[in-house]
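Data block below; observations after.
The values are calculated or read from the model by the stated rules, or taken from the named source; none is laboratory data. As the structure is a computational prediction, the values presented were derived from the model and not from experiment. With ideal geometry, Cβ positions are generated from the backbone for all residues, glycine too; neighbour counts draw on all protein chains shown. Calculation scope for accessible area: heavy atoms of the full protein, side chains included, ligands and nucleic acids excluded. Shrake-Rupley method; radii C 1.70, N 1.55, O 1.52, S 1.80 Å.
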Amino acid sequence: MTARAWIVASAIVSVLVTAAPAGAHHAFAAEFDANRPVLLRGKVTKVEWVNPHAWVHVEVVTADGKTETWMVEAGTPNTLLRRGITRQSLVPGMEITVDGYQSKDLSKRANGRDMTFPDGRKIFMGSSGTGAPRDGKDPTEPPVR
Amino acid sequence: MLVAALLLGVWTSAGAQTSTSSIPRTPDGKPDLQGFWDAATLTPLERPRQGQGKTLTPAEATAIERAAAERRDRGVRPSDPNRKAPPAGGVDSAGGVGGYNGFWVDRGSSVTSINGEARTSIVVDPPDGHVPPFTPEGRARARTRRELANTFDDVEARPLGERCLMSFGSSAGPPALPVMYNNIKQIVQTPDHVMILNEMVHDARIVRMHGPHLPGSIRKWLGDSIGRWEGDTLVVETTNFTNKTFFRGSSENLKVIERFTRLDAKTLLYQFTVEDSTTWTRPWSGEYVWAWSEQPLYEYACHEANYSLEGILKGARRQDADGSAGNVGRPR
């Protein structure tokens, strides 16, 4: 087994999805399903440094031993380029951990709420001028304007 | 008319305190606005608190900037390596599934400061720092557009930003507002034209100097912009909008006046007034500064890899098929 993986799909919980914040490129709530949280651990196979969102491809192994390739959505790469992050910062073969939510079309896609190395270090840390992560972990974060 | 006179008074006083003798100039003696500019600011469009004044004390400004820096620092701290998947049902206001991580976001690191005054809001008129109320017509139009934004049956019903046709959040404008990232702009200037190129979705605004507006029958997504110099300030008037684009609920009757004043080598003062009597109960104005950027503007190439739009449409199809369509997200 080249990589360990856990994929956690939730039970169905009916929720009223609240309005996505104005200002983002698109509605996360329309693309991803709040009822399908995932935790992905695996090796990067490809990184697409593209707009409007970068996509990180990760090969994970499920609990029953099956290999799956997931695509994880991230933000615009322009911001990272401006801070000196390059395509060498995240390359195929690196092991990463991602938590997020699966896409509503049930393809192997997810949003990357938190993308780290296996020891928890942020992959894109060390930048300047960034805002807070809008992942609900910081109760003091300001609303998106 | 009274409002216009008051606005003129505000701008005149702002300009009077500004020495522009040392700014770069083009060969014909006009202020040289060319270069890369960063419009990011921690100052919000509207004042966060009712009754708050126009300016921040130095201590208040420092506190806002320090809080932003601390949030940034918290954002890059390591996560729990043994964390589980996030909770079912979602975690926050971004539709429950989370938004961008902090490292993808760039709102700048300072509040906007004009003539030494740190500002509480971009809006300066009305004096309470808030966008004036909608007219009944404007309110009804906004409601219709919100309903349309929840339509997933037609790709052309999706917002222009989501379709990579234009930047979101009025990043390019007019008027141009700061958004959560990609706030870099490039100005290119000749005696006859000024171009304002916006990084996000490479929106390019072309301003014709001294020309009359196009006939009313010719409408443009970014409007028809004509420019003139008032002293050392570039004044741009934009009309002839379509009903496909809108600024905070505006109609095709929108008229935008922008004023660009290079205060010094590193600072461009950007001021705007919007008028649309079919949308707001009165005209309103804002101002903030753009900072000189040593970093260039990067290619955007948004459409080519816009998997998100495909995912949104496929997600709605899937929910239609399995009868869970009531759970589709609510975009902006």
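Let's see if you can work this out: charge +1 on each Lys and Arg Cβ, -1 on each Asp and Glu Cβ, no other charges. What is the dipole magnitude of chain B about its Cα centre, in debye to the nearest 20?
660 debye
Among B:291, B:110, B:81, which residue has its Cα positioned farthest towards the positive end of the charge dipole of chain B, with +1 placed on the Cβ of Lys and Arg, -1 on the Cβ of Asp and Glu, and the dipole taken about the Cα centre?
After comparing all options, I get B:81.
Once the Cα gyration tensor of segment B:72-207 is found, what semi-axes does its equivalent ellipsoid get, as square roots of 5 times the eigenvalues, in whole Å, sorted largest first? Don't skip to the answer; put the middle values down first.
Values: eigenvalues 182, 120, 78 Å².
Square roots of five times the eigenvalues give 30, 24, 20 Å.
Counting only other chains, what is the mean number of Cβ atoms within 10 angstrom of the Cβ of each residue in peptide B:162-173?
2
Would you look at the GNM of chain B, springs on alpha carbons closer than 10 Å, and say which of B:227, B:51, B:161 moves the most?
Maximum among the listed residues: B:51.
From the Cα gyration tensor of chain B, with a ≥ b ≥ c the square roots of its eigenvalues, which class applies: rounded if a/c is under 1.5, or else prolate if a/b is larger than b/c, or else oblate?
Prolate.
Could you sort out which of A:108/B:244; A:104/B:84; A:46/B:314; B:185/B:244; B:54/B:185; A:46/B:244 sit more than 32 Å apart by Cα distance in this structure?
Correct reply: A:108/B:244; A:46/B:244.
Please list, short to long, the whole-number percent of alpha-carbon pairs of segment B:206-283 in consecutive 10 angstrom bins beginning at zero.
Cα pair-distance distribution for segment B:206-283, in percent: 19, 45, 29, 7, 0.
Sorted by mean Cβ packing within 10 Å, highest first, what order do the peptides A:97-110, B:186-199 take?
With the highest mean Cβ count within 10 Å placed first, the list reads A:97-110, B:186-199.
In segment B:280-309, which GluC sites (Glu not before Pro) are in a loop and have at most 16 other Cβ atoms within 10 Å, using DSSP for the loop call?
In loop regions of segment B:280-309 (DSSP not H, G, I, E or B), the sparsely surrounded GluC sites (Glu not before Pro) are B:294, B:299.
For chain B, return all DSSP H helices satisfying: extent of Cα atoms along own axis at least 15 Å; mean Kyte-Doolittle hydropathy at least 1.0.
On the way: long enough: B:2-16 (21 Å, 1.84); B:58-75 (25 Å, -1.08); B:136-149 (20 Å, -1.64); B:307-322 (22 Å, -0.88).
Passing helices, by number: B:2-16.
What is the mean number of Cβ atoms from other protein chains located within 10 Å of the Cβ atom of each residue in peptide A:70-78, rounded to a whole number?
Across A:70-78, the average partner-chain Cβ count within 10 Å equals 5.
Please report, in debye to the nearest 20, how large the charge dipole of segment A:69-126 is about its Cα centre when each Lys and Arg carries +1 at its beta carbon and each Asp and Glu carries -1 there.
Magnitude of the dipole: close to 240 debye.
Using only atoms on other chains, find how many Cβ atoms lie within 10 Å of each Cβ of peptide B:66-74 and report the average.
Values: counts 0, 3, 5, 3, 3, 8, 7, 3, 6.
Taking the mean over all residues of the peptide, I get 4.
Set the Förster distance to 22 Å, then compute FRET efficiency between residue B:57 and residue B:130 from the Cβ-Cβ distance, nearest 0.05.
Using R0 = 22 Å, I get an efficiency of 0.60.
Report the A-B buried area as the accessible area lost on both sides summed, probe 1.4 Å, in Å² to the nearest 100.
The buried area between A and B, both sides summed, comes to about 7000 Å².
Pairs of Cα atoms under 8 Å, at least six residues apart: use those to get the relative contact order of chain B, whole percent. Provide the component values of the computation, followed by the final result.
Details: 585 pairs, mean separation 70.0, N = 332.
Relative contact order comes out at 21 percent.
Got the relative contact order for segment A:22-108 handy, in percent, Cα pairs under 8 Å and 6 or more residues apart?
Averaging sequence separation for qualifying contacts and normalising by length gives 39 percent for segment A:22-108.
How do B:105-118, A:33-46 rank on mean C-beta neighbours within 10 Å, highest first? Provide the component values of the computation, followed by the final result.
Working: B:105-118: 19.5, A:33-46: 22.3.
Descending mean neighbour count gives A:33-46, B:105-118.
Out of all Cα-Cα pairs in segment B:123-272, roughly what percent, to the nearest whole number, are more than 22 Å apart? Can you show the working numbers first?
On the way: 5113 of 11175 pairs.
Result for the distance tail: 46 percent.
Please compute the contact order of segment A:46-96 in relative form: average sequence separation of alpha-carbon pairs under 8 Å and at least six residues apart, divided by the residue count, as a percent.
With pairs under 8 Å counted, the relative contact order is 34 percent.
Going toward the positive end of the dipole of chain B, with +1 on Lys and Arg Cβ and -1 on Asp and Glu Cβ, which of B:225, B:243, B:196 do you reach last?
B:243
Restricted to Cα positions, what overall size does segment B:103-183 have along the principal axes? Three whole-Å values, descending.
50, 38, 20
Roughly how many debye, to the nearest 20, is the charge dipole of segment B:99-208 about its Cα centre, given +1 on each Lys and Arg Cβ, -1 on each Asp and Glu Cβ, and no other charges?
80 debye
To the nearest 10 Å², what's residue B:206's accessible area with a 1.4 Å probe?
About 90 Å², ignoring ligands and nucleic acids.
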